[in-house]
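First up is the structure itself, then whatever we jot down about it.
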Amino acid sequence: MNFTPREYAEAAAQANELGKILTIVDGNLVLQDPPEPDPMKPDRLAEIHARLEEIDFASVRPLRSITAGNAEPFDKLKLAELEGEANMLRAELAELLKGD
């Protein structure tokens with residue numbers, strides 16, 4: 001590496017003051033602009049949360065039928081379908097939140 005601990009500390013302070021990211025490229029300290037936030041991300045997060053709430057609500061009737069012991073095959077199929085969709089949405093949500 002081509003820098004001292006003091007140079008690193010100074011560069012880190014400068015990055016903090018300027019709102020930059022301090023990285024090491026080819027052994028050298030480099031200040032870079034942070035990545036631009038995805039403008040669609042907040043909208044997609046809201047969509048996912050809203051759909052998960054809808055899935056919870058839609059799951060009540062088939063789950064009630066299953067619990068009561070009078071479920072039709074449709075009830076089990078519907079519940080499995082909703083759970084599959086919820087799992088995909090949870091995975092997407094985890095991916096979107098991974099960088100935060």
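Only the coordinates and a few stated rules stand behind these numbers; no lab work does. Since we're looking at a predicted model, the values are computed, not measured. Because the Cβ atoms are built from the backbone with ideal geometry, glycine has one as well, and the counts that use them run over all protein chains shown.
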Original post:
Given a Förster radius of 35 Å and the C-beta distance between A50 and V25 as r, what FRET efficiency does 1/(1 + (r/R0)^6) yield to the nearest 0.05?
Top reply: 0.25
Subject >> Anisotropy class of region 1-44 from Cα gyration tensor, a/c 1.5 cut >> reply: prolate
Subject >> Over region 41-97 - Rg/Rh using Cα atoms and the Kirkwood inverse-distance radius >> reply: 1.10
Subject >> Most fluctuating residue given options D33, D75, D56, as computed from a GNM of the chain linking Cα atoms under 10 Å >> reply: D33
**OP:** For the chain, count the residues as N, evaluate 2.2 N^0.38 Å, and divide the Cα radius of gyration by that value, please.
**Re:** 1.91
**OP:** Name the most mobile residue of K78, K41, K20, meaning the one with the largest mean-square fluctuation, in a Gaussian network model of the chain with Cα contacts below 10 Å.
**Re:** K20
Subject >> Label point distance in nm, A94-K76, each placed 7 Å from Cα along Cα→Cβ >> reply: 2.7 nm
Subject >> Most mobile of E54, E72, E85 in a GNM of the chain (Cα contacts under 10 Å) >> reply: E72
Subject >> Förster radius 22 Å - calculated FRET efficiency between N16 and E36 (Cβ-Cβ, nearest 0.05) >> reply: 0.70
Original post:
Helix-derived [θ] at 222 nm for the chain: sum -39500 (n - 2.57) over DSSP H runs of at least 4, divide by residue count, nearest 500?
Top reply: -23500 deg cm²/dmol
